[in-house]
4 protein chains.
Amino acid sequence: MVVVIKKGTDEQQLYNLKEWLKSFGVDINESKGEYETVLGLIGDTSHIDTDLLSSLAIIDSVTRISEPFKAANRKFHPDDTVVDVNGIKIGGGNFQYIAGPCSVESEEQITYIASEVKKAGAMLLRGGAFKPRTSPYAFQGMRADGLRLLEEAKQQTGMPIVTEIMDISHLDLFENVDVIQVGARNMQNFELLKELGHTHKPILLKRGLAATMQELLMSAEYIMAGGNNKVILCERGIRTFETYTRNTMDISAIALLKEKTHLPVIADPSHAAGFSRLVKPLALAATAAGADGIMIEVHNDPAHALCDGPQALTPEQFKEVVDDCNAIRDILNK
Amino acid sequence: MVVVIKKGTDEQQLYNLKEWLKSFGVDINESKGEYETVLGLIGDTSHIDTDLLSSLAIIDSVTRISEPFKAANRKFHPDDTVVDVNGIKIGGGNFQYIAGPCSVESEEQITYIASEVKKAGAMLLRGGAFKPRTSPYAFQGMRADGLRLLEEAKQQTGMPIVTEIMDISHLDLFENVDVIQVGARNMQNFELLKELGHTHKPILLKRGLAATMQELLMSAEYIMAGGNNKVILCERGIRTFETYTRNTMDISAIALLKEKTHLPVIADPSHAAGFSRLVKPLALAATAAGADGIMIEVHNDPAHALCDGPQALTPEQFKEVVDDCNAIRDILNK
Amino acid sequence: MVVVIKKGTDEQQLYNLKEWLKSFGVDINESKGEYETVLGLIGDTSHIDTDLLSSLAIIDSVTRISEPFKAANRKFHPDDTVVDVNGIKIGGGNFQYIAGPCSVESEEQITYIASEVKKAGAMLLRGGAFKPRTSPYAFQGMRADGLRLLEEAKQQTGMPIVTEIMDISHLDLFENVDVIQVGARNMQNFELLKELGHTHKPILLKRGLAATMQELLMSAEYIMAGGNNKVILCERGIRTFETYTRNTMDISAIALLKEKTHLPVIADPSHAAGFSRLVKPLALAATAAGADGIMIEVHNDPAHALCDGPQALTPEQFKEVVDDCNAIRDILNK
Amino acid sequence: MVVVIKKGTDEQQLYNLKEWLKSFGVDINESKGEYETVLGLIGDTSHIDTDLLSSLAIIDSVTRISEPFKAANRKFHPDDTVVDVNGIKIGGGNFQYIAGPCSVESEEQITYIASEVKKAGAMLLRGGAFKPRTSPYAFQGMRADGLRLLEEAKQQTGMPIVTEIMDISHLDLFENVDVIQVGARNMQNFELLKELGHTHKPILLKRGLAATMQELLMSAEYIMAGGNNKVILCERGIRTFETYTRNTMDISAIALLKEKTHLPVIADPSHAAGFSRLVKPLALAATAAGADGIMIEVHNDPAHALCDGPQALTPEQFKEVVDDCNAIRDILNK
């Protein structure tokens, strides 16, 4: 950490600051320049609050050199984490397709889609039971009933299930869920993250709409600090000024996160753009950029497509995406 | 709502779409152009899911003409909402100062600051007990103990207290809290919003870092849909590309929100910029732009300022802000 | 175009507005609702100034249904434009690599790199002579001398050259340049765009850092309105809140622009991320998303890499990118 | 400047890097940590290219501690710059109103508005002759004829004129213009900035839509590096994800720029929001935040308001803004 002290700072104040910083166990390397004094802090600075420091009157700027995340940091854990979901591996060279409907609607729907996406190559089944909706007047999901239907689809197809949690109080309902998803809007619901850190389940953590990569990693750190290292990160598009697309998929984040962390990184092309005809190009791009998996919404039945599937593909279209992504994986692995 | 249908759409599909739209009780005004067909939907479209609609293959674009928020909409409720907190009014021409420390630290600290800010003109006391922190290694607040200390400060000063809730499961602890704050990171924690809609307490709802004004109003709508109309909106800075400031205070939002909604709108200049010397100019600017109140962090004791108050003013500085804001209020009210 | 009129608008004012709108040759479809009146404008609305309209006191909102760009619009020109550069085709299924150094530095440097990238698969040579730099103290390029060296490299290798123009007054110097590049910072230098519309040279138009796709297309429209249809669009990353990368490559824009326009769309992965180890994943991703070409910085000599090539690959690394992109192209074309 | 070197870097490469850095005349303070080596560069680092440095394979990160701008930097020039326009002073406690129409349309229009805004308190007359428009089909301004009409209005009212330049080749036409404006879209048209650095006229430099404060100051530095120190900065709104307003006025930038630089900083509330009813609250807010002046669009004649003035006030409304801003100035100056 580098701390720049303003010109003309009182010596006693500077001394107090240095003593306080040393109390965190760091060494200080001081350089006095003509216009400022620079303190280089050496050692573990992760417990120093940069916001607090920045706010002090004598401080010009504070720059963190080492990343504030530790458990998630590849520097300290160079080997890829492989998350095992009932024997299905994600990360460390293992690429998986997670597919299913936006919302669980009925037993027929979810079991039909599950069997279709399984045939097409998906290894995990996704489906929304609790649905975070911008409007209180929109359909909020089948909730507990939806979880029950997902469990039935799991029994019939053998596919592990991935579904979103929206509140700690629902955690008991997720006993038979294999991967608990934290949605973009809850990425910094820290109480929820802490609680998930005490479970032993894999967590699929989606990047918030305006979250930096570092904040995503700090949210992963919340889960890992509780003892649960089974975290899968998911890039799903960030909010920018562009209006033709709902969000902007940050394709660099896929490559860069895999450099910064050992955790698996997957992509959700269904939500990144906001309409289904961009799902295929984005899925291919994310695969080409090095993702460890792809999560895609697949809908049911073209005849009912009207009320179905914003952003969703048909099973046939999903199969095409799988085939092309597999071919791209072969290029990367050759 | 205006729905543009792609050129060359099958007549039967178009018919199905129109029948489905009519099932929501809206009338349709259809115009066929050379390159597209435009459907104008007249009536209450708030139950139509534009995301779903946009995703259909035959749709070129969907534009919502009326705002999706109703209870919060000034069009339907032209008179200002005045939120009454133990006899202290906010909104409808009533301007209030909410002040106190970032975090509650001890009984001495909170009662001292409370009495100081009260003398300077604050009518409500703020203080963080549950603290949302980016890092799991940072101080998470005194939590339940902090709430207890706030209650003591309330008893000693008579000031109503404002403090942040982070999870539904803590709601029982907030029985003696006068205004429950929902932080920026929980602005779309919809389960929490729903639950707060069933309380009778005033809710101070902060705008999310990447939330549009419309999303902020939709989150207010979640609370109001549950029967609780005592919602105070708070602009606290949004995330942009700028790096010299932590966030960018959206000063236009203050004026514009008051046009779109009847709810009171206050500003939090302490968090908008990220350092204390911008608090005064931003507080004055927000007041000049028409805010209904200002929430400011004030710290304790300059001698302990080192570990205190990122972004916080001394009581004396706070007094200067109050005096100048009051003078600006006089100009606006003359 | 849909124009929503505020409730309670004076009839005479509304009449005046409608007469004025009709003077642009459009028909008006009027629907009166309880809270607003909606005017649907049918016909060519591209000459109506939506900014002006939005600002009128009686207007609630204005929504453009048809895109404001015409010459660049695929709706009116469904077939892909193929830009021919001395016999080398870009667009319409023709994919090209454009490669070369960030800046032209010497005859040896540019001819050496030209021959290396040609061997590796590049068909066009890029190199900066006029360099837009944020700081006036940074190297501004070899300027006219750099253009002369590019011409020599062209003579020796037969590769057409692509280089950036920064001001109209330099246009005469670009007589032997094959593709004139307009940089991101000049994307809305409208006087320059107009002038380039009167040349007959292909123009490589880079997207501005904060330009929407629609603005990029409107800038292309400026060039095309002058009679020059040989416009190649280039996605090179947009500015967002993320700080780990310099810019955020908008991968969706590649797929979506090709839907909105018939012009070729290429990607510049060297500038999108800001460091060289992301060039390969971004190049592969852009290819997978359907780009018509890739522009990449390649540096000279590893021994001199210190002062060379921010964001640049070695010729060997470039060759690997070409091979993998070609393999991805085969998947897309199968 | 702080340069972090990756763990495991070859000693010879590190030595070469340090020698190269020293060739810029800086001293190096080296600290070896367990996971990285940190080089602190002491001295004038403004000629070191951080982009280039960041891109080297052995570099983990580069952080500039001192700002890269020098002539514009308050650290080196603590006293406020006062720009004198024909005896009218801006900056250093001198606050001015610049007002006039969006576009110059006729002699009657411009002289009428000039006299009206002068009566209301404006000291400088603005008016667009060359108009940067997103669409090539929109009105591009009266251009040279518009400049001539502005000069006539200047002769009749004695008000200095402020108008925008769009290209170097027009510079001769600006001989009688008192303040040359550089628009947001040309803020990084570096060739234009350099040329303006060689004039002796005051330059009003608008912040680009996606320009950081530092980039704005670097563009000012381009002008100042040429010998012209008469630069007035102008905050006019930045591009964000919000859609209810066209741009987001960065109110913090006004206060913060005045801390970073000695140059005057004014605000343009007419363009920041995009509609006229937000002009007053934003003008008051900018004044309260410490701006050195306000530039506002004022239109002609309410009877012709239909085709007039997006974002513009009537002279009466402008007068109200002036009165309230003056009252706020009195509070700040008391």
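Worth pointing out:
- Residue in region A:278-298 that is surrounded by the fewest Cβ atoms within 10 Å (Cβ to Cβ), counting only those that are of a type outside the set (A, V, I, L, M, F, W, C) and over 14 Å from A:VAL321 (Cβ atoms): A:GLY290
- Residue match in region D:108-124 (condition: over 17 Å from the mean Cα position of the chain (by Cα), free of Cβ contacts under 8 Å to residues at least 40 places away in the same chain and under 23 Å from D:ARG236 (Cα atoms)): yes
- Picking from residues in region D:91-132 that are farther than 22 Å from C:ASP51 by Cβ and of a type in the set (Asp, Glu), the one that is surrounded by the most Cβ atoms within 10 Å (Cβ to Cβ) is D:GLU116.
- Hey, D:LEU21 part of a helix (DSSP H, G or I), out of contact with any strand residue (DSSP E or B) (no Cβ under 9 Å at 6 or more places or on another chain) and within 11 Å of chain C (Cβ to nearest Cβ) or not: no
- Search result, residues across region D:91-104 that are away from chain C (no Cβ under 11 Å), on the phi < 0 side of the Ramachandran plot and in contact (Cβ under 8 Å) with a residue 60 or more places away in the chain: D:ASN94, D:PHE95, D:GLN96, D:TYR97, D:ILE98, D:ALA99, D:PRO101
- For region A:309-334, the set of residues classified as closer than 20 Å to A:ALA289 by Cβ and of a type in the set (Val, Ile, Thr) consists of A:VAL321, A:VAL322, A:ILE328, A:ILE331, listed by residue number.
- Evaluation of A:SER23 against the conditions (1) over 24 Å from D:SER61 (Cβ atoms); (2) at pLDDT below 85 shows that the sole unmet condition is (2).
- Across region D:276-298, the qualifying residues are those that are among the aliphatic types (A, V, I, L, M) and assigned to a strand (DSSP E or B), and the one among them that is farthest from the chain's Cα centre (by Cα) is D:VAL298.
- Among the criteria (1) at pLDDT 90 or above; (2) over 30 Å from D:GLY141 (Cβ atoms), the one D:LYS32 does not fulfil is (1).
- Residue in region C:313-333 that is within 14 Å of chain D (Cβ to nearest Cβ) and crowded, with 24+ Cβ neighbours inside 10 Å present: yes
- Of the listed requirements (1) among the acidic types (Asp, Glu); (2) over 30 Å from C:LEU217 (Cβ atoms); (3) in contact with a strand residue (DSSP E or B) (Cβ under 9 Å, 6 or more places away or on another chain), A:GLU235 misses just one: (2).
- Residue match in region A:7-23 (condition: surrounded by fewer than 16 Cβ atoms within 10 Å (Cβ to Cβ), touching a Pro at 6+ places or on another chain (Cβ under 6 Å) and not charged (D, E, K, R)): no
- The single residue among B:ARG64, B:ARG74 that is more than 15 Å from B:MET1 (Cβ to Cβ), touching a helix residue (DSSP H, G or I) at 6+ places or on another chain (Cβ under 7 Å) and surrounded by 16 or more Cβ atoms within 10 Å (Cβ to Cβ) turns out to be B:ARG74.
- Condition met for D:ARG133 (in contact with a Gly (Cβ under 9 Å, 6 or more places away or on another chain), at the interface with chain C (Cβ under 9 Å from one of its Cβ atoms) and not in a helix (DSSP H, G or I)): yes
- Qualifying residue in region B:1-16 (condition: within 11 Å of chain A (Cβ to nearest Cβ), in a strand (DSSP E or B) and not aliphatic (A, V, I, L, M)): no
- Single residue of region C:245-277 satisfying the filter (closer than 13 Å to C:MET213 by Cβ and of a type in the set (S, T, N, Q)) that is surrounded by the fewest Cβ atoms within 10 Å (Cβ to Cβ): C:THR261
- Test: D:VAL162 is without any contact (Cβ under 8 Å) to a residue 60 or more places away in the chain and either out of contact with any helix residue (DSSP H, G or I) (no Cβ under 8 Å at 6 or more places or on another chain) or at negative phi (or both): no
- Number of positions in region D:244-275 that are of a type in the set (S, T, N, Q) and either in a loop (DSSP other than H, G, I, E, B) or touching a residue at least 40 places away in the same chain (Cβ under 8 Å) (or both): 4
- Residue in region A:42-95 that is modelled with the lowest pLDDT, counting only those that are hydroxyl-bearing (Ser, Thr, Tyr) and either in contact with a Leu (Cβ under 9 Å, 6 or more places away or on another chain) or assigned to a loop (DSSP other than H, G, I, E, B) (or both): A:SER55
- Selection within region C:244-272: residues that are among the small types (Gly, Ala, Ser) and over 21 Å from C:VAL162 (Cα atoms). The member of this set that is farthest from the other protein chains (Cβ to nearest Cβ) is C:ALA253.
- When region D:24-41 is filtered for residues that are more than 36 Å from the chain's Cα centre (by Cα) and either assigned to a helix (DSSP H, G or I) or not β-branched (Val, Ile, Thr) (or both), the ones remaining, listed by number, are D:ASN29, D:GLU30, D:SER31, D:LYS32, D:GLY33, D:GLU34, D:TYR35, D:GLU36.
The values are calculated or read from the model by the stated rules, or taken from the named source; none is laboratory data. Remember, predicted model here, so these are calculated numbers, not experimental data. So basically every Cβ, Gly included, is an ideal-geometry build from the backbone, and we count neighbours across all protein chains shown.
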